[in-house]
1. Over all distinct alpha-carbon pairs, what is the Kirkwood Rh of the stretch 105-178 in angstrom?
2. Relative to the Cα centre, what is the charge dipole magnitude of the stretch 25-179, using +1 at the beta carbon of each Lys and Arg, -1 at the beta carbon of each Asp and Glu, and rounding to the nearest 20 debye?
3. Report the Cα centroid-to-centroid distance between the stretch 119-187 and the stretch 84-100 in angstrom, as an integer.
4. Among the trypsin sites (Lys or Arg not before Pro) within the stretch 1-58, which fall in a DSSP loop and have no more than 16 other Cβ atoms within 10 Å of their own Cβ?
5. Roughly how compact is the stretch 25-179, stated as its Cα Rg over 2.2 N^0.38 Å to two decimals?
6. With a 10 Å cut-off between alpha carbons and a GNM built on the chain, which of 161, 23, 88 moves the most?
7. Please compute the length gained on full extension between residue 40 and residue 122, using 0.36 nm multiplied by the number of residues separating them and subtracting their Cα-Cα distance.
8. Among the DSSP beta bridges whose two residues both lie in the stretch 25-179, what percent are antiparallel, rounded to the nearest 5?
Amino acid sequence: MNQKRKTGLKYLKNFRETGAFKETSRKVELEICQRIPRDRDVIVVEYGMGHGNITREILATIGPNSKLYAFEVVKEFCDDVKEMIDDERLIIINDGAENLKKHVTEPIDAVISSIPFSFFSEEKGNTIIQSAYDMLNGGSSYSQVLLTKFNFKKFQAVFDECEIMNLKGFPKEYIYHCRKRENHEPK
Ligand SMILES: C[S@@+](CC[C@H](N)C(=O)[O-])C[C@H]1O[C@@H](n2cnc3c(N)ncnc32)[C@H](O)[C@@H]1O
């Protein structure tokens, strides 16, 4: 069985956590990394590393002295990625995005997320969005892939500028690009 099918089966087996039966598409991997600064070394946070398809694209995008903190709640996925990706810029955290501030203390230049917001309580979803906003540098972005537009309002309530992109295909995938203004004032 090829790796993509194996990953799909593992996502299905852990459906309560993943909300997915296959990896996000190549179009998503490319589009979701568009707002990562390329002119300097950066600190990036990924939510929902899964089997590491977006993780690989982030590592291909960032510079040699950058750091990527990747959060993932399923321990098996963390162990699999540790075996598959050997890169000292990658710090894997087997915990939820809602605990960002426990693990990351330095300001962040980009958040890249594929966690299933529709599965979360209102409170958990809002905590994740607000703590990412608090930790991002001014001018930086949080990019989220989801299969619906339903959660866009939650991001608009916190971020200063939000844009939604519809990536055609099956299933339909939406990317929310949400930016914290350079000289932001808390909402
Ligand atoms: C839709 S899958 C995406 C996986 C992969 N990044 C991709 O693009 O195909 C969502 C992933 O988020 C993880 N996840 C769910 N809740 C999470 C949370 N609160 N914090 C971090 N990861 C979470 C799931 O276990 C799953 O691996």
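Here, each number is a calculation from the coordinates, and none is a lab measurement. The shown structure was predicted, so the numbers you read here are calculated from the model rather than taken from an experiment. Neighbour counts run over all protein chains shown; Cβ positions are idealised from the backbone, glycine included.
1. About 12.7 Å for the stretch 105-178.
2. Values: 19 positive and 25 negative charges, 106 e Å.
Its charge dipole is roughly 500 debye.
3. 20 Å
4. Numbers: sites: 4, 5, 6, 10, 13, 16, 22, 26, 27, 35, 38, 40, 56; in loops: 22, 35, 38, 40.
Within the stretch 1-58, the qualifying trypsin sites (Lys or Arg not before Pro) (loop, at most 16 other Cβ atoms within 10 Å) are 22, 38, 40.
5. Details: Rg = 14.3 Å, N = 155, 2.2 N^0.38 = 15.0 Å.
Rg over 2.2 N^0.38 Å, computed on Cα atoms: 0.96.
6. Sorting by GNM fluctuation, first place goes to 88.
7. Here the answer is 26.0 nm.
8. Numbers: 13 of 31 bridges.
Antiparallel bridges make up about 40 percent of those DSSP assigns within the stretch 25-179.
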